[in-house]
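Written below as structure tokens is the structure these notes are about.
The values are calculated or read from the model by the stated rules, or taken from the named source; none is laboratory data. Note that the structure is a prediction, hence the values are computed from the model and not measured. Cβ: placed from backbone, ideal geometry, glycine included. Neighbour counts: every protein chain shown.
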Amino acid sequence: MLCDNCKERPASVIFTQEGMGGSSERHLCEKCAFQTQMFHFDPSQEPLSIQQFLSHWFSGSESIQPFQQSRDSMPDGPTCPDCKLTFRKFLDIGKFGCPTCYDTFRGQLPRVFSKLHNGHTTHVGKIPDSFNERFALKKKVEEIRSKMQEAIEMERFEDAAALRDEANALKERLAECGNGGEGSDVD
Amino acid sequence: MEVKAAMSINKFMKGAVTGWMTSHGEHSDIVMSTRIRLARNLRGFRFPIAFTADEAEKVDSQVSAALLTSGEKGYAYMKMAELPGLERQVLVEKHLVSPQLTDVKRHGAVILSEDETLSIMLNEEDHIRIQCIYPGFQLENAYEHADSVDNYLENKLPYAFDEDFGYLTSCPSNTGTGMRASVMMHLPALTITKQIERIIPAIARLGMIVRGSYGEGSEAPGNIYQVSNQTTLGKPEKEILADLKNVALRLIAHERRSREILLSKSRVALENKLFRSLGIISYARLLPSGEAARCLSDVRLGIDLGIIEDVDMSILNELMIFMQPGFLQQYAGADLTAEERDIFRADLFRERLRSEQQINENNKEN
């Protein structure tokens, strides 16, 4: 689709404008969007805080409108077992209470993150070394265990015992990584 | 009441100037400082918003033990609840800790490197906030520094990290890289010509945010703006830094062009404005903070354009910090009312400019 404005470059931005007669949508190229944006800036418009932003969650519409009524009948959603935060409360305060909240609300989070992070929902970037190592160790333990099962089924009990010892040694290392404190041989 | 300064301005400043307040680094005529902040949390503990005093204590002792035994010399550890109020305020005014950390009902602490380019806040909104501030435009250097501290810590302590969501943080707006990169920019020409009002929303479209130097929704005293990345999820650190760098470079180019246009189109009016401001900070006896910030910005622009000579460009960086209430009261060695602060601010500025003159005269004699 070509840009509605210059009719030259391909449209890459949808530009929604709220007017007296409702909202209108225009498909613009980056250059025209930039210019249009420049001339339609209203400095009195403050950016939304996270709380304001998330509290529009159950309003049912993407646009910003009063949401008080719908909030009262809003369900609590899942409750975090570690810090007792409900999903509703999370939207209210705009903060997670603990790392476990991420597991508890996992199903709902892509939508939250998509809004906050320009459509992105998964992490790309740095991964802690310790996590990489844990991850690798876990995989290795699983691998050894399935080999051990195989050995048992084949009645190769000596092999199975050796594999069991190997798995136990790795599990010990995994536990050390988990503590991460002194005595860990992560380096 | 008459309050006399507790010490000479030179001695006071010597003890108070922090690495990032000097005017060094690339584009330091426009970019005042660069900051990288990484938010991290420990696995197995609730976030500060929900944790118990006992958990807070454990987080504090584990992180501080890891850092203080790192072999890195000159780390200073400070518990907020044990610091006098004025010292806490001064740390905030130097941007070394956030206002939120200094709430003594909470369990905040900070670890500072000797040159104060590195500050690690404990139990702020997240368990760990690694922050590096460098003078001028130094995104890569500041990131490398913060990253190396992060690497050290992650090998000592188990971080809360998730395969899908990355580094887990208390606020969903930090999830992912946990990184906020920002550059503090002095943009007087874009402000005078009102172009900044049109540039800010354009930058927002690029996933960046521009605001006054004192955080969200604040005006821009001294025409100083903070430009930072808005999103932390879905883009690797290097890309976020490259995007921010690009935006900042464009702003720098715009600002330079506007300065040239101002000079060529209205030189006399501009000179008049800038010299009047120099006059005010050189002679005023009462100097409210808004006026002080405006005049400092003018004087700094005058220095950058070669209109005002014999004043060092670090004057803006330093006095913007020292004119704040905490610093003024530390300088005075007493609690001050608002009016007394205005008097003291005027004294401080005059003295600072006088010490500038003395240095210049000495230089000429040599």
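Brief remarks on what is shown
- Taking every residue in the range B:221-242 that is facing another protein chain (nearest Cβ under 8 Å) and on the phi > 0 side of the Ramachandran plot and pairing it with any residue that is buried (at least 19 other Cβ atoms within 10 Å of the Cβ) and of a type in the set (A, V, I, L, M), at least 6 positions away or on another chain, yields no pair with a Cβ-Cβ distance below 6 Å.
- Test result for B:Glu140, touching a residue at least 40 places away in the same chain (Cβ under 8 Å), of a type outside the set (Lys, Arg), within 13 Å of chain A (Cβ to nearest Cβ) and in contact with a Leu (Cβ under 8 Å, 6 or more places away or on another chain): no
- B:Val92 being β-branched (Val, Ile, Thr) and either more than 24 Å from B:Leu319 (Cβ to Cβ) or surrounded by fewer than 21 Cβ atoms within 10 Å (Cβ to Cβ) (or both): yes
- Put simply, of B:Ala16, B:Ala39 the only residue that is among the hydrophobic types (A, V, I, L, M, F, W, C) and at pLDDT below 70 is B:Ala16.
- Output for the range B:145-174, where each listed residue is touching a residue at least 12 places away in the same chain (Cβ under 8 Å), over 21 Å from B:Ala65 (Cα atoms) and touching a Leu at 6+ places or on another chain (Cβ under 6 Å): B:Ser173
- When B:Leu68 is tested against (1) farther than 25 Å from B:Met184 by Cβ; (2) out of contact with any strand residue (DSSP E or B) (no Cβ under 7 Å at 6 or more places or on another chain), exactly one condition is not met: (2).
- Of residues in the range A:131-144 being more than 9 Å from chain B (Cβ to nearest Cβ) and surrounded by 15 or more Cβ atoms within 10 Å (Cβ to Cβ), the one nearest to the chain's Cα centre (by Cα): A:Glu133
- Scope the range A:104-130; condition assigned to a helix (DSSP H, G or I), within 8 Å of another protein chain (Cβ to nearest Cβ) and either crowded, with 19+ Cβ neighbours inside 10 Å or modelled with pLDDT of 95 or more (or both); matching residues: A:Leu109, A:Val112, A:Phe113, A:Leu116, A:Ser130
- Condition broken by B:Arg106, with the remaining ones in (1) part of a loop (DSSP other than H, G, I, E, B); (2) under 14 Å from the mean Cα position of the chain (by Cα); (3) surrounded by fewer than 21 Cβ atoms within 10 Å (Cβ to Cβ) satisfied: (2)
- Screening the range B:182-288 for helices (runs of 4 or more DSSP H) wholly inside it with 1 or more residues that are modelled with pLDDT under 95 and exposed (fewer than 15 other Cβ atoms within 10 Å of the Cβ) returns the ranges B:196-205, B:237-265, B:267-283.
- Residue match in the range B:62-76 (condition: surrounded by fewer than 20 Cβ atoms within 10 Å (Cβ to Cβ), in contact (Cβ under 8 Å) with a residue 24 or more places away in the chain, in contact with an Asp or Glu (Cβ under 8 Å, 6 or more places away or on another chain) and assigned to a strand (DSSP E or B)): yes
- Within the range B:302-319, considering residues that are buried (at least 22 other Cβ atoms within 10 Å of the Cβ) and modelled with pLDDT under 85, the one nearest to B:His24 (Cα to Cα): B:Asn317
- Taking the conditions (1) in contact with an Asp or Glu (Cβ under 9 Å, 6 or more places away or on another chain); (2) touching a residue at least 60 places away in the same chain (Cβ under 8 Å); (3) hydrophobic (A, V, I, L, M, F, W, C); (4) not in a loop (DSSP other than H, G, I, E, B) in turn, B:Ala346 satisfies each one other than (1).
- The set of residues from the range B:157-179 being more than 7 Å from every other protein chain (Cβ to nearest Cβ), in a loop (DSSP other than H, G, I, E, B), surrounded by 24 or more Cβ atoms within 10 Å (Cβ to Cβ) and not polar (S, T, N, Q) comprises just one member, B:Gly178.
- Looking only at the range A:92-103, and only at residues there that are surrounded by fewer than 23 Cβ atoms within 10 Å (Cβ to Cβ) and outside any loop (DSSP other than H, G, I, E, B), the one that is farthest from the other protein chains (Cβ to nearest Cβ): A:Asp92
- The single residue among B:Ile196, B:Ile203, B:Ile209, B:Ile252 that is among the hydrophobic types (A, V, I, L, M, F, W, C), facing chain A (nearest Cβ under 9 Å) and within 29 Å of A:His120 (Cβ to Cβ) turns out to be B:Ile209.
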